[in-house]
1. Under 8 Å for C-alpha pairs, at least 6 residues apart: give me the relative contact order for the chain, rounded to a whole percent.
2. Of the chain, which part is the longest with no chymotrypsin sites (Phe, Trp or Tyr not before Pro) in a loop (DSSP not H, G, I, E, B) and with at most 13 other C-beta atoms within 10 angstrom?
3. If you build a Gaussian network model of the chain, linking Cα atoms that sit under 10 Å apart, which residue out of Gly162, Gly123, Gly73 swings the most?
4. Find the Rg to Rh ratio for region 34-89, where Rh is the Kirkwood radius over alpha-carbon pairs and Rg uses the same atoms.
5. With +1 on each Lys and Arg Cβ and -1 on each Asp and Glu Cβ, and nothing else charged, work out how big the dipole of region 1-153 is about its Cα centre, in Debye to the nearest 20.
6. List the equivalent ellipsoid semi-axes of region 7-101 in whole Å, largest first, each obtained as the square root of 5λ for an eigenvalue λ of the Cα gyration tensor.
7. Over the heavy atoms of Arg116, what accessible area does a 1.4 Å probe trace out, to the nearest 10 Å²?
8. Compute a Gaussian network model of the chain, connecting alpha carbons closer than 10 Å, and tell me which residue from Ile154, Ile105, Ile42 fluctuates the most.
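The values are calculated or read from the model by the stated rules, or taken from the named source; none is laboratory data. In this text, all values refer to a predicted model and were calculated from it rather than measured experimentally. Here the Cβ positions follow ideal geometry from the backbone for every residue, glycine too, while neighbour counts run over all protein chains shown. Each accessible area value is taken on the protein alone, full model and side chains, heavy atoms only, with ligands, DNA and RNA left out. Shrake-Rupley method; radii C 1.70, N 1.55, O 1.52, S 1.80 Å.
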Amino acid sequence: ARLYYFGFYAGLGGLFSFFNIFLQERGMSGTQIGLISALPPIVALISNPFWGAVADRWRAHQRVLALLAITSGVASLTFIWISGFWALLAISCIVTFFRTPIMAIVDAMVMSIIARNPDVNYGPQRVFGSFGWILFSLSAGYVVTYFSINMIFIFHFVMLAGMCGLLSLKLPVEPRTA
């Protein structure tokens with residue numbers, strides 16, 4: 001779980017730190033940037049309960065988590081090749097639809113682990129997410145400066161589709177009860 005938190009928040013740290021700058025470089029106005037940034041939380045109101053219900057209904061938490069991580073990582077790559085307000089808004093909503101439920105599902109899985117193992121605490125698990133965010137927020141500045149702002153999407157892809165996608169299948173799940 002520690003590595004999952006690290007990878008997930010590392011992918012977000014670089015992306016969130018520079019996403020509005022990316023939008024500005026794509027020619028978006030302040031109003032357009034605000035709209036693109038404001039709509040994803042509304043999408044999350046739909047996606048979180050939807051994907052949580054899917055994972056719970058079919059007891060497929062690992063597979064749903066892998067699907068969400070891989071799809072959001074792959075979808076984020078499309079930002080590299082698109083421009084225009086409506087296209088950027090649509091991709092932002094698609095990425096959000098698949099990315100935002102990830103942490104709710106991971107947290108539920110970790111809480112299940114903690115419930116079965118009283119010696120395991122949540123804080124030491126979750127703090128790795130903070131380490132990932134800090135490390136990659138700071139290093140993304142150098143990468144963007146020396147390469148391209150598009151690197152934030154490549155890194156997001158690697159961390160979510162690669163690292164989190166694979167780790168999703170390794171996280172322990174609640175044992176089935178009769």
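1. Relative contact order of the chain: 47 percent.
2. Longest gap between qualifying sites, sites excluded: 82-146.
3. Result for the chain, Cα springs under 10 Å: Gly123 fluctuates most.
4. 1.06
5. Working: 8 positive and 4 negative charges, 57 e Å.
The calculation lands at about 280 debye.
6. On the way: eigenvalues 136, 38, 23 Å².
Output for region 7-101: semi-axes of 26, 14, 11 Å.
7. About 100 Å², rounded to the nearest 10.
8. Ile42
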